[in-house]
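Computed from the coordinates by the stated procedures, all read-outs in this text should not be read as laboratory data. Quantities reported herein were computed from a predicted structural model and do not represent experimental measurements. All Cβ positions, glycine included, derive from the backbone under ideal geometry; neighbour counts span all protein chains shown.
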Amino acid sequence: MKSIEELIKMVSIGATLFWNDPDPIEGNDYTVTYIEPIDESFDEDTPILIQYGGGSEAEVFLHELVKKY
């Protein structure tokens, strides 16, 4: 994602998001299953709490989240 506004839009339309983990573990499912409530008070440097795959949690940065195609 490039902006918080883009992320808010993707969440609001129900887009499937993927965590592009900078240090991935082979075989992990990085499909985001939960993202903490966000608003315009977040900025590009604010860590965002997510859950992915089988319920694992991570704090990730905006640029690490991508729309899954």
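Observations on the model:
- Look at the dipole of the chain built from charges on Cβ: of Tyr69, Phe42, Gly55, the Cα furthest out on the positive end belongs to Tyr69.
- Nearest-20 debye value, the chain charge dipole, Cβ charges on Lys, Arg, Asp, Glu: 400 debye
- Between the beta carbons of Ile25 and Asp45, assuming R0 = 22 Å, the FRET efficiency works out to 0.30 to the nearest 0.05.
- Remark: region 10-15, residue by residue, has Karplus-estimated 3J(HN,Hα) of 4, 5, 5, 8, x, 5 Hz, where x stands for each Gly or Pro and the curve is 6.51 cos²θ - 1.76 cosθ + 1.60 at θ = phi - 60°.
- Shape class of the chain from the Cα gyration tensor (axes a ≥ b ≥ c, square roots of the eigenvalues): prolate, since a/c reaches 1.5 or more and a/b is larger than b/c.
- Mean separation of Cα contacts under 8 Å (6+ apart) over length of the chain, as relative contact order %: 42 percent
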